[in-house]
Amino acid sequence: MKIWYAGDRSKALCETCRKVVTTTFGYHDVPFESGLAVAREIMAATCDECGTVVAIPPQSTPAIRTARDIASRSLEVVVAAPFLEMLDLAAYRIDPSAGSTLRKSLIAYFVHRSVNDEALVKRLRSNAEIHKAKWQSWKHAPAKRLSMKVTSRTSEEFDELVKKSALKKTTLIKSILMDIGREIVEPDNPPMMPELRRMVAALAA
Ligand SMILES: [Zn+2]
């Protein structure tokens, strides 16, 4: 793989000039396809005639991916302390050294798993009813903020799950936390554990 440096020259097709032009490599701000955000100062080749970015070398791919993740939305809810204790207990069970970094991955995992499974969506919908008494009693516990930066994929899937479940954002999160409790905290030997540990190992790699 060729590594390009600022000032290197090449040739590429410029869509603006509608011809093959000479190009110069340098660090530039490049907008994403969506146009919603920009990857700042990544290596790219610009047209020598009009200045348009015409090529992005492979070496810039990781930086673009990182920028895209950072540009993603934040997911924020306020819930009673026991909800977060459930989440942290689940994370602790999967990997005692992970701390709160696993919170986001666990929620993203459950969102991803539920979004295309009608039975799981139905269960998310029924959790509020099933756990009504518990949720009521937790109202006296301190309120805690759960704030996470999530990737655009998770954010989109979460929005889709809000639609499919017809639950409010906060209720959906609480309901997901009930599922996390039932599947990871309550069982003596959670069947999901091997898969979750593989996921954590992959994240750490
Ligand atoms: Zn041009």
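Here are the numbers for the structure shown:
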{"item": "Space enclosed by the convex hull of the alpha-carbon atoms of the chain, per residue, Å³", "result": "157"}
{"item": "Probe 1.4 Å, accessible area per residue of segment 9-70, Å²", "result": "64"}
{"item": "Within segment 42-86, backbone nitrogen closer than 13 Å to the virtual label 7 Å beyond the Cα of R9 toward Cβ", "result": "48-49"}
{"item": "Between 0 and 90°, nearest 10: helix 169-180 axis offset from the chain longest Cα axis", "result": "70"}
{"item": "Within the accessible area of the chain (1.4 Å probe), percent carbon and sulfur", "result": "54"}
{"item": "Residue-normalised accessible area of segment 122-205, expressed per residue, 1.4 Å probe, Å²", "result": "61"}
{"item": "Helix-derived mean residue ellipticity, 222 nm - over the chain, DSSP H n ≥ 4, -39500 (n - 2.57), to 500", "result": "-14500 deg cm²/dmol"}
{"item": "Solvent exposure, largest accessible area first (probe 1.4 Å, DNA, RNA and ligands not counted), of K122, K163", "result": "K163, K122"}
{"item": "Percent RCO, i.e. relative contact order, over the chain, from Cα pairs under 8 Å lying at least 6 residues apart", "result": "20"}
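The values are calculated or read from the model by the stated rules, or taken from the named source; none is laboratory data. As the structure is a prediction and not an experimental result, all values here were calculated from the model. Every residue, glycine among them, receives a Cβ derived from its backbone with ideal geometry; neighbour counts consider all protein chains shown. Remember, those area values only see protein heavy atoms, side chains included, never the ligands or the DNA or RNA. Shrake-Rupley method; radii C 1.70, N 1.55, O 1.52, S 1.80 Å.
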